[in-house]
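These notes concern the structure reproduced below.
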Amino acid sequence: MREQVRVRVPAKVNAQLAVGGARPDGFHDLANVFLAVGLYDEVTVAPGPVGEGPVITCTGPDAAQVPLDATNLAARAALALAARHGLAADVRIHIAKDIPVAGGMAGGSADGAGALLACDTLWGLGTPRDELLAICADLGSDVPFSLLGGAALGTGRGERLTALPVGGTFHWVFAVAEEGLSTPRVFQEFDRLSAGTRIPAPTADPALLAALRDGDAPALAKTLANDLQRAALTLRPSLRRTLDTGTEAGALAALVSGSGPTTAFLTRDAPAAHRVAEALRTSGTCRTARVAASPALGAVVLSDDTAGPGPADAGAERSAVMDGPLPA
Ligand code: C5P
């Protein structure tokens, strides 16, 4: 058996998040245009003590906020894969966390997808991609996209993916808030704010899909939309100042990322992104600001041999999921 497997997995931003009414199962139907962005967690798995199940460790600026018990999506991914194959999930999982925690950038989902691919490789299972995506969907609505990466339209509760073409690189800034927001709480607030109104079925905006396909940042800026933004701003009114700061510093557009509280700023090019990030950092309206480009690859095995941890881009990269058509 291999000694360890290291997987790199990206954050996401929602270029469009159209939200329908609450469903009987409590989820909401979505038209969710996901873009993977180049901020990454690394998940390393290695055989662990027999009979103990997954043992999680985490490092990084937000590590103290990451649960290390069985509620962590990385642990749940290992357990789900092991159960499917009648194996014991006796595995050490180390998360090198760089994606903001509870930030609306799918950091927890990234760790779930990363651990799944890493365990599949460690245990030599070669689980078909469609099966991995199905396990991801059981773990959470955003987890399949973390595995897939690139750009995709998510329908249903966001887990049914169709890959989208992207014709260029988009440059973003992400302002990280002092404190996270709970996704269920933001959806509840959406329900409260929309009570008594007729909510149309969520659909992807053709103009936004065309802007992505053309790699046209100014056109994408005009179409970015997040139906959860009002709810996130109601729960965290101070985010309005963060959004205004980025816009005043020259961002083409500003919006809340997913359920927030991270705010996302689309810029014309990389130098503009650095200027906006610097303005945000010195504004006192956020904890920090990060620059990242999209699209980014999904979960990728960085090293599946006996080597110890190395630089993020070391080793032969292998994406398990980028080939072939996607399930509808
Ligand atoms: O699927 P996931 O566990 O990530 O969802 C977290 C929570 O976000 C759900 O329990 C639900 O409250 C809310 N949610 C929703 N509709 C979706 C996705 C998530 O209401 N499509």
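The values are calculated or read from the model by the stated rules, or taken from the named source; none is laboratory data. Quantities reported herein were computed from a predicted structural model and do not represent experimental measurements. FYI the Cβ positions are ideal-geometry reconstructions off the backbone, even for glycines, and counts take in every protein chain you see. Side chains included, ligands, DNA and RNA excluded: accessible areas come from the protein's heavy atoms. Shrake-Rupley method; radii C 1.70, N 1.55, O 1.52, S 1.80 Å.
What to note about this one:
- Per residue value of the accessible surface for segment 42-129 (all protein chains in place, 1.4 Å probe), Å²: 37
- Among 161, 235, 212, residue whose mean-square fluctuation peaks in a GNM of the chain (springs only between Cα atoms under 10 Å): 235
- Dipole of segment 174-221 [Lys/Arg +1, Asp/Glu -1 at C-beta], most positive-end residue of 196, 208, 174: 196
- Over segment 1-47: Rg over Rh, Cα atoms, Kirkwood Rh: 1.24
- Simple point charges give the picture: +1 on the Cβ of Lys and Arg, -1 on the Cβ of Asp and Glu, and for segment 170-294 a dipole about the Cα centre of about 180 debye.
- Cα centre as origin, Lys/Arg/Asp/Glu Cβ charges: segment 63-129 dipole, Debye: 120
- Over all pairs of different C-alpha atoms, segment 132-206 has a mean inverse distance whose reciprocal, the Kirkwood radius, equals 15.2 Å.
- Whole-percent carbon and sulfur share, accessible surface of the chain, 1.4 Å: 53
- Farthest positive-ward along the chain dipole, Cα basis, beta-carbon charges - from 68, 145, 47: 145
- Alpha-carbon centroids, segment 84-127 and segment 148-168: separation in whole Å: 20
- Given +1 at the Cβ of Lys and Arg, -1 at the Cβ of Asp and Glu and no other charges, the dipole of the chain around its Cα centre is 740 debye to the nearest 20.
- From the Kirkwood radius over Cα pairs of segment 52-149, Stokes-Einstein at 4 °C and 1.567 mPa s returns a whole-number translational diffusion coefficient of 98 µm²/s.
- Most to least packed among 263-270, 18-25 [average Cβ atoms within 10 Å]: 263-270, 18-25
- Binned Cα-Cα distances of segment 170-294, short to long, each 10 Å bin given as a whole percent: 14, 41, 33, 11, 0
- Cα-Cα pairs of the chain separated by more than 30 Å (percent): 31
- When the Cα positions of 156, 107, 279 are compared along the charge dipole of the chain, 279 comes out farthest toward the positive end, with charges on each C-beta of Lys, Arg, Asp and Glu.
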